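The values are calculated or read from the model by the stated rules, or taken from the named source; none is laboratory data. Please read all numbers here as calculations on a predicted model, not as lab measurements. Positions of Cβ are backbone-derived with ideal geometry, glycine not excepted, and every protein chain shown enters the neighbour counts.
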Amino acid sequence: MTGIRSYNRRVLVTGGAGFLGSHLCERLIARGDEVVCVDNYFTGSRSNIAQLMGHPNFEVIRHDVTFPLYVEVDQIYNLACPASPVHYQHDPVQTTKTSVHGAINMLGLAKRLNARILQASTSEVYGDPSVHPQPEEYWGNVNPIGPRSCYDEGKRCAETLFFDYHRQHSLPIKVMRIFNTYGPRMHPNDGRVVSNFIMQALKGEPITVYGEGSQTRSFCYVDDLIEGMIRLMDSPAEVTGPINIGNPGEFTMLELAELVVALTGSRSVIEHRPLPQDDPKQRRPDITKAKALLDWEPTIPLRDGLERTVHYFRSRFFG
Ligand code: NAD
Ligand code: UDP
Ligand code: UDP
């Protein structure tokens with residue numbers, strides 16, 4: 001962009017006061033970008049971005065992305081959307097609106113500005129996958145009418161919109177399929193497995209393993225994830241994605257529970273609870289494309305990342 005101001009890249013981050021968004025804002029500010037953070041504080045909070053408040057290159061707008069937004073930026077990271085099942089099922093209609101209307105508004109904004117736009121999509125587009133690990137070519141196995149559908153189908157529709165704006169309006173797009181990510185600033189009560197297990201272990205309460213605990217997930221530490229996100233945004237224009245970003249290390253929920261108990265030195269016992277409906281049995285990213293196109297792969301093993309996360313939860317909630 002040209003103008004009377006000296007040139008800094010101006011970046012819009014929707015959902016910037018959330019878990020991933022706040023880490024992204026921090027990294028962008030650290031490299032000298034001007035950041036406009038947009039959030040309606042549905043699941044995010046001011047405390048996530050408190051350290052950035054007052055920084056001359058950081059600006060916050062309280063706004064719901066289901067309504068139009070007029071700002072002037074060079075790049076848009078579209079992260080606004082509740083991400084944990086407890087949160088996105090709280091108001092499922094609003095979840096679909098956020099994904100779909102939010103995507104339309106941010107794509108309309110990007111189109112007017114000819115700005116690059118990145119969509120935070122999800123491994124949930126693969127549903128309960130019958131192909132394992134999941135490559136980007138896999139079309140998924142998603143229930144269109146179940147309790148997770150507001151999130152899964154909303155995100156799938158957002159991907160459709162991104163590719164149609166790309167084909168129809170030549171918009172420069174980037175679609176990132178994020179696999180389970182954890183780290184400091186995860187919401188302590190959002191019901192996600194890593195925060196649940198750590199909070200339960202630190203309180204000495206039973207660790208709630210749903211079902212047998214044989215279902216698997218692959219957990220990526222937040223710093224690795226944000227590095228992949230920025231590399232994708234800054235990659236050559238022809239790299240549109242969709243591209244998987246996640247850690248291929250795969251663990252059962254029982255293994256995760258045991259690791260958290262060991263790392264916290266907790267005396268918590270494991271207690272089994274019913275498995276939620278449509279809970280995917282396994283999930284692991286195929287990251288061949290991210291390695292080849294972005295020269296990216298995760299560097300932080302689960303044990304190290306969990307130690308850092310336990311440290312955060314301990315000092316923030318038990319200090
Ligand atoms: P989060 O809930 O911490 O952050 C989402 C942010 O979006 C919050 O700050 C929330 O207040 C904001 N928001 C929600 N609805 C909004 C609206 N209508 N208008 C404006 N702001 C709104 O979740 P997160 O883990 O940081 O996830 C960020 C993005 O990454 C989401 O789009 C999510 O779907 C995606 N993602 C995350 C994971 C993960 O493991 N964390 C995995 C896959 C995809
Ligand atoms: N939009 C926005 N900010 C802008 C430009 C557009 O929020 O700077 C929204 C606007 O509400 C519109 C949507 O993006 O409904 C889609 O825009 P597009 O130009 O693709 O379609 P149209 O305006 O024709 O509906
Ligand atoms: N889970 C669990 N105990 C909990 C919370 C979650 O066993 O207290 C399981 C859940 O059933 C799922 C996995 O952990 O199989 C990951 O759940 P999460 O909600 O973190 O993410 P998602 O299901 O969206 O991958």
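For the criterion of being modelled with pLDDT under 95 and surrounded by fewer than 18 Cβ atoms within 10 Å (Cβ to Cβ), Val86 passes.
Being within 16 Å of ligand 3 (Cβ to nearest atom), hydroxyl-bearing (Ser, Thr, Tyr) and either at pLDDT below 95 or assigned to a helix (DSSP H, G or I) (or both): is that true of Ser121 here?
Details: within 16 Å of ligand 3 (Cβ to nearest atom): yes; hydroxyl-bearing (Ser, Thr, Tyr): yes; either at pLDDT below 95 or assigned to a helix (DSSP H, G or I) (or both): no.
Considered against the rule, which asks whether it is within 16 Å of ligand 3 (Cβ to nearest atom), hydroxyl-bearing (Ser, Thr, Tyr) and either at pLDDT below 95 or assigned to a helix (DSSP H, G or I) (or both), Ser121 comes out as no.
For Ser84, the criteria (1) free of Cβ contacts under 8 Å to residues at least 60 places away in the same chain; (2) within 8 Å of ligand 1 (Cβ to nearest atom); (3) of a type in the set (Ser, Thr, Tyr) hold in every case but one, which is (1). Every condition in (1) within 19 Å of Leu171 (Cβ to Cβ); (2) away from ligand 2 (no atom under 16 Å from the Cβ); (3) free of Cβ contacts under 8 Å to residues at least 40 places away in the same chain is met by Tyr70 except one, and the failing one is (2). Of the candidates Leu28, Leu69, the single residue that is of a type outside the set (S, T, N, Q) and touching a His at 6+ places or on another chain (Cβ under 7 Å) is Leu69. Identification of strands (runs of 3 or more DSSP E) wholly contained in the stretch 1-83 with 1 or more residues that are under 18 Å from the mean Cα position of the chain (by Cα), at pLDDT 95 or above and surrounded by 13 or more Cβ atoms within 10 Å (Cβ to Cβ) yields 10-14, 34-39, 75-78. Only one of the listed residues (Thr98, Thr160) is closer than 21 Å to Gly16 by Cβ and of a type in the set (Val, Ile, Thr). That residue is Thr98.
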